[in-house]
Each structure stands twice: as C-alpha cells, then as structure tokens.
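See structure below.
Just so you know, all these numbers are worked out from the coordinates, no wet-lab data involved. Predicted model, so just to flag it, every value in this text is computed and none were measured.
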Amino acid sequence: MDFLTSPLLLHPALKHGFFTRQGGVSSGIYASLNCGPGSQDAPKNVTENRRRVCEALGAEELSGIYQIHSATVRTLESPWVTPPQADALVTRRKNIAISVLTADCCPVLLADPEAGVIGAAHAGWKGALEGILENTVQEMCRLGAARETIRAAIGPCIAQNAYETGPEFYAAVMERDPAAHRFFRPASRPDHSFFDLAGFVKHRLQTAGLEHIDHLERDTYGEQDLFFSYRRTTHRRETDYGRQISAIMICS
C-alpha cells in the first residue's frame, strides 16, 4: 500500500505514513481507504481499511482518538478499549501506531527519535487556535522529549486557495492570535478571506518552540483522486465524507 512520508521523519527508529484515500475496500463516496469510524460507511469496511494501515506500518496495533476539535492531548500508556475524546495523542510505547483522521484539517506527526517519544495531532483552525499543538509538544516533553530535537511534519490539508472564510472566522482568529493576520488573503467577496491553515499550523508549532518542521504541501480539496475533503463534499452537497488516516510508530 502506498502512503506519503516526510523526509524529517525518515529515521531507523520510526515508521510513519500519511495515507491517501487509495488502497482500501470502501466504495461510493467513501472509496476506498476510508478509516473513519464516525462516517456512515459500513463498519466492516472501516475495520478492514484500518487493518490494512496497521499491516502497512508493521504495527502490532493501531490506536486513535475520538476527535472533537479541542486542545486535549492524551498519553497512550496501555491500549484503551474505547478511544478517548481528544485531538492528539503521544506515547513512548513501541510497535503501536498512533493516528489521527482528517478530511481538510492538518494531520501533524511529531517525533523525538532519540528520546523515543512520538505524537500525532489533529489540527483544524479551532484546535490550533486553542493550543492543541503547544499542548502536544508539552506532553511530549513531559515524557522526555526536547523541543530542540522534536521533528514535526504537516500532512495533506486544504490549500489556502480553497479555504474561503467569512468575517466571523477572521474575527475569531484575530482575537486569540493577532499575529495570524498574515495567513489571510483577501477574497473577491467583501469581508471574505482565504485562510492558510498549514501556514497557521506551522506558526503555532514555531510558537511551541519547534525548529524542525516540514509541510508536504498536498491539497485535500484539489486532489480529489487522492484525498477526502469535507469542504468538497459540502460544495457537492453529498451526504457524508470519508476520512484519511495519518500514523506514526516507534520501532523496537
């Protein structure tokens, strides 16, 4: 199964992948590697798709979270029966792939391979604004990672030219982070702007003290054969959408 990788995370102690929508068993609007249990896809298809991801990484298990666009981070110390509500998870456990789901938001995979600590974060605009990335870095450091050696890769997400936002969005972001003004570009409609989500996420990672940051620069909205997109689904007035998965693992 093919998946995308970041040069920053290519390390003997790590295995990671930003998976596309290709290589699974789902059909229709979920074709084909839909890994989202929260979608209306057949559960058996989602289970098989997630099994294929686990196998592709060579992991013993694939762990995730119930994402709620929050700033909550959970540490995986032992397998959980029910995924907790959070938007990032970190661990020191080996051979367990930790993952997040996205369909326009930024998946961010993080690692300090020397310390043996990894993280996976789901960063939409709201979570990034609330501090999900800073909290993820802080929790990794609590487990023994160092900010100067943490590597972070921003995976496929919606491109700025597809992310038009209204005045309420601009006001909400600027109220919390005035430095974010540079991530808005005027749109043709009055009081509307195009928002650079990946740029904003990189800014927040830098705010958290990270220096080693990569961005794959792949557009979930525009590359429809490779990625699911919530916004594209909305524009097409489809009833639901698939989710792609991004995962990282410490190898034994």
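Measure out, as a whole number of angstrom, how far apart the alpha-carbon centroids of the stretch 13-47 and the stretch 188-252 sit. When both Cα centres are located, 17 Å separates them.
With a ≥ b ≥ c taken as the square roots of the eigenvalues of the C-alpha gyration tensor of the chain, please select rounded if a/c is under 1.5 and otherwise prolate if a/b is larger than b/c or oblate if it is not? Judged from the Cα gyration tensor, the chain comes out oblate (a/c at least 1.5, b/c at or above a/b). Of all DSSP bridge pairs formed entirely within the chain, close to 70 percent run antiparallel.
In terms of its C-alpha gyration tensor, the stretch 10-59 has a prolate overall shape, because the principal axis ratio a/c (a ≥ b ≥ c, square roots of the eigenvalues) is not below 1.5 and a/b outweighs b/c. Can you list the lysines whose alpha carbon is less than 18 Å from that of residue 15, not counting same-chain residues fewer than 8 positions off? Counting by Cα, and skipping residues close in sequence, residue 15 has these lysines nearby: 94. The alpha carbon gyration tensor of the stretch 114-252 gives principal lengths a ≥ b ≥ c with a/c of 1.5 or higher and a/b no greater than b/c, which makes the shape oblate.
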